[in-house]
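Asker: Sharing a structure below in structure tokens format, with a few things to ask.
The values are calculated or read from the model by the stated rules, or taken from the named source; none is laboratory data. The structure presented is a predicted model; accordingly, all values stated were derived computationally and were not measured. Cβ placement follows ideal geometry from the backbone for every residue including glycine, while neighbour counts extend to all protein chains displayed.
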Amino acid sequence: MLKSTVMTNSLIKSGWESPSNIALIKYWGKFGKQMPHNPSVSFTLSAAATRTFVDISEGNNGDPIDLNFVFNGSKNEKFASRINKFLNSISDEYFPFVKKYKLNIDTSNSFPHSSGIASSASGMSALALCLCDIENLLNGKQLYDNDFYRKASVISRLGSGSACRSVFPEIAVWGRHENISGSSNEYAIPANTELHPVFKSFHDDILIISAQEKSVSSTAGHNLMENNPFAKVRYNQANLRMEMMMKALKSGDISAFGKITEDEALTLHALMMCSDPSYILLKEGSLTVINKVKAFRDQTTIPLYFTLDAGPNVHLLYPDEYENQVNIFIQEELKPFCHEGKIIRDKVGSGPVKIC
Ligand code: DP6
């Protein structure tokens, strides 16, 4: 009922589906207004995505932001207040229309909220794309050019750093690197022309080891880097690894790619363990799975590699040609360590899609 009421009064509506992404070189540590201390690169995913519809209508009741927010079909106060805060922080500089109209945001994830998968990258990028689209439509434009995606990336970043990489297909780089032309701290850039074909159909099977909410948020984790004694060394290391990773991605060197990817995942968690206060997000199941993946690779020579985000879930990355063998291994050996046997089978994807 709510939807149809809003749609009748709706002045302009935009809908986007935007995917999550998995970082290969990790963003960990930020300064200023959501600027990264080091460059990062990620695969854009496909199955794990957020669909968001935003419409604006006349009749703002005078509140600074007049927002009706629906998540997965129901009201969600926690998310609504985060979105409200975000909209407030960007409206004056980027989208004055946000305070002029009534806003209706209807958003849902393709993956269950209780799956432990971070939804901020897909969620914030989907919202940013809708806002940029509405701004264009208000100005009588419907142009999805480089400037459009660049602005969407800036706005996504302000919502959640890693989200700025989700607006581009296949692979995106975020953060200034002296040897990556066009790279910037303010937005991500597409890097798909620098990607060897073998990576374009890479799989990412996400093993849900725990569905619990994280004990330490990403933002709190980033902030702890400020006093981490290894911070400077880490930022230098990320710059060096970035260069090696971009070479491996371009040449199709899967074993170099895999080694750097795994080293990055373990470095990320090591940084958490040596923060003050220290904390551990890995679970016993994460470690068991990691060890089993390494043993499987040694025994079979199949290039199956793991990575981790800021949580216990394990992402398994591998080339398309090994899908069957890897699937048998996962079902037989790894599934028992997954929460309720949950696995999200994802792949490198082609980026956000306008759905309305
Ligand atoms: C470990 O982007 O979630 O996934 O900017 O505070 O929203 P905020 O943090 P967020 O951090 C993601 C960290 C990471 C690595 C990565 O995606 O690069």
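Asker: With a cut-off of at least 3 residues that are within 16 Å of the ligand (Cβ to nearest atom), name the helices (runs of 4 or more DSSP H) lying wholly within region 238-353.
Answerer: Details: elements: 254-273, 284-300, 323-329.
Ranges flagged: 254-273.
Asker: Quick one: count up the residues across region 41-82 that are of a type in the set (S, T, N, Q) and within 16 Å of the ligand (Cβ to nearest atom).
Answerer: Going through region 41-82, the residues of a type in the set (S, T, N, Q) turn out to be 42, 44, 46, 50, 52, 57, 60-61, 68, 72, 74, 76, 81.
Pick out the ones that are also within 16 Å of the ligand (Cβ to nearest atom) and you get 42, 44, 50, 81.
The qualifying residues number 4.
Asker: Output the residues belonging to region 174-209 that are surrounded by 19 or more Cβ atoms within 10 Å (Cβ to Cβ) and closer than 20 Å to residue 306 by Cα.
Answerer: 195, 199, 202, 203, 204, 205, 206, 207, 208, 209 - these are the residues of region 174-209 that are surrounded by 19 or more Cβ atoms within 10 Å (Cβ to Cβ) and closer than 20 Å to residue 306 by Cα.
Asker: Which residues, taken from region 64-92, are over 24 Å from the mean Cα position of the chain (by Cα), surrounded by fewer than 14 Cβ atoms within 10 Å (Cβ to Cβ) and under 17 Å from residue 128 (Cβ atoms)? Please lay out each step first, then the result.
Answerer: Here is the first cut: in region 64-92, the ones over 24 Å from the mean Cα position of the chain (by Cα) are 64-68, 92.
If we keep only those that are surrounded by fewer than 14 Cβ atoms within 10 Å (Cβ to Cβ) as well, we get 64, 92.
Correct list: 92 only.
Asker: Return the pair list, or none, for Cβ contacts closer than 6 Å from residues in region 139-161 that are under 30 Å from residue 217 (Cα atoms) to residues that are of a type in the set (Gly, Ala, Ser) and modelled with pLDDT of 95 or more, at least 6 apart or on different chains.
Answerer: From region 139-161, the pairs are 152/128; 153/188; 155/128; 156/125; 156/128; 156/163.
Asker: Still on this structure, please answer the following. Within region 282-292, does at least one residue satisfy the condition of being more than 24 Å from the chain's Cα centre (by Cα), surrounded by 15 or more Cβ atoms within 10 Å (Cβ to Cβ), over 30 Å from residue 134 (Cβ atoms) and in contact (Cβ under 8 Å) with a residue 24 or more places away in the chain? Working first, answer last.
Answerer: In the first step, residues of region 282-292 are kept if they are more than 24 Å from the chain's Cα centre (by Cα); the result is 284, 288, 291-292.
Going one step further and asking which of them are surrounded by 15 or more Cβ atoms within 10 Å (Cβ to Cβ), we end up with 288, 292.
Adding the requirement that they be over 30 Å from residue 134 (Cβ atoms) leaves 288, 292.
Going one step further and asking which of them are in contact (Cβ under 8 Å) with a residue 24 or more places away in the chain, we end up with 288, 292.
There is at least one residue in region 282-292 that is more than 24 Å from the chain's Cα centre (by Cα), surrounded by 15 or more Cβ atoms within 10 Å (Cβ to Cβ), over 30 Å from residue 134 (Cβ atoms) and in contact (Cβ under 8 Å) with a residue 24 or more places away in the chain.
Asker: Just checking, which of 41, 98, 54 is in contact with a helix residue (DSSP H, G or I) (Cβ under 7 Å, 6 or more places away or on another chain) and within 30 Å of residue 201 (Cβ to Cβ)?
Answerer: On the way: 98 fails: within 30 Å of residue 201 (Cβ to Cβ); 54 fails: within 30 Å of residue 201 (Cβ to Cβ).
Of 41, 98, 54, the one residue that is in contact with a helix residue (DSSP H, G or I) (Cβ under 7 Å, 6 or more places away or on another chain) and within 30 Å of residue 201 (Cβ to Cβ) is 41.
Asker: Could you grab the pairs with beta carbons closer than 8 Å, sequence gap of 6+ or different chains, first residue in region 210-225 and under 13 Å from residue 37 (Cβ atoms), second one part of a helix (DSSP H, G or I) and away from the ligand (no atom under 12 Å from the Cβ)?
Answerer: Short answer, once both residue conditions are applied: 225/231; 225/234.
Asker: Pairs, please: C-beta under 8 Å, at least 6 apart or cross-chain, first residue over 26 Å from residue 53 (Cα atoms) and in region 9-28, second among the acidic types (Asp, Glu) and within 16 Å of the ligand (Cβ to nearest atom)?
Answerer: Within 8 Å, the pairs are 23/264; 23/309; 24/264; 25/264; 26/264.
Asker: Select, from 35, 124, the only residue that is within 20 Å of the chain's Cα centre (by Cα), surrounded by fewer than 23 Cβ atoms within 10 Å (Cβ to Cβ) and closer than 19 Å to residue 157 by Cβ. Steps first, please.
Answerer: Numbers: 124 fails: surrounded by fewer than 23 Cβ atoms within 10 Å (Cβ to Cβ).
From the options 35, 124, the qualifying one is 35.
Asker: Out of 120, 125, which single residue is touching a Cys at 6+ places or on another chain (Cβ under 8 Å), of a type outside the set (Asp, Glu) and under 30 Å from residue 340 (Cβ atoms)? Let's see the steps before the verdict.
Answerer: Numbers: 120 fails: touching a Cys at 6+ places or on another chain (Cβ under 8 Å).
Among 120, 125, only 125 is touching a Cys at 6+ places or on another chain (Cβ under 8 Å), of a type outside the set (Asp, Glu) and under 30 Å from residue 340 (Cβ atoms).
Asker: Which one of the conditions (1) modelled with pLDDT under 95; (2) away from the ligand (no atom under 16 Å from the Cβ); (3) part of a loop (DSSP other than H, G, I, E, B) does residue 182 fail to meet, given that it meets all the rest?
Answerer: (1)
Asker: Can you tell me which residues in region 203-228 are within 14 Å of the ligand (Cβ to nearest atom), of a type outside the set (Asp, Glu) and farther than 14 Å from residue 29 by Cβ?
Answerer: The answer is 206, 214, 216, 217.
Asker: Has region 28-40 got at least one residue that is among the polar types (S, T, N, Q) and more than 16 Å from the ligand (Cβ to nearest atom)? Before the answer, list the steps.
Answerer: Kept after step one, since they are among the polar types (S, T, N, Q), are these residues of region 28-40: 34, 38, 40.
Next, from what is left, pick out any that are more than 16 Å from the ligand (Cβ to nearest atom): none.
No, because not a single residue in region 28-40 is among the polar types (S, T, N, Q) and more than 16 Å from the ligand (Cβ to nearest atom).
Asker: What single numbered condition from (1) assigned to a strand (DSSP E or B); (2) in contact (Cβ under 8 Å) with a residue 60 or more places away in the chain; (3) away from the ligand (no atom under 14 Å from the Cβ) fails to hold for residue 173?
Answerer: The one condition residue 173 does not meet is (3).
Asker: Which pairs turn up if I take residues in region 300-323 that are surrounded by fewer than 23 Cβ atoms within 10 Å (Cβ to Cβ) and modelled with pLDDT of 95 or more and look for partners that are hydroxyl-bearing (Ser, Thr, Tyr) and assigned to a loop (DSSP other than H, G, I, E, B) with beta carbon separation below 6 Å, at least 6 apart in sequence or on another chain?
Answerer: Filtered contacts from region 300-323: 320/201.
Asker: Go through region 135-170 and count every residue that is in a loop (DSSP other than H, G, I, E, B), loosely packed, with under 15 Cβ neighbours inside 10 Å and either within 14 Å of the ligand (Cβ to nearest atom) or of a type outside the set (Lys, Arg) (or both).
Answerer: Of all residues in region 135-170, those in a loop (DSSP other than H, G, I, E, B) come to 139-145, 160, 166-170.
Filter once more, so that each one left must be loosely packed, with under 15 Cβ neighbours inside 10 Å: 139-143, 145.
Still in the running and either within 14 Å of the ligand (Cβ to nearest atom) or of a type outside the set (Lys, Arg) (or both): 139-140, 142-143, 145.
Summing the residues that are in a loop (DSSP other than H, G, I, E, B), loosely packed, with under 15 Cβ neighbours inside 10 Å and either within 14 Å of the ligand (Cβ to nearest atom) or of a type outside the set (Lys, Arg) (or both) in region 135-170 gives 5.
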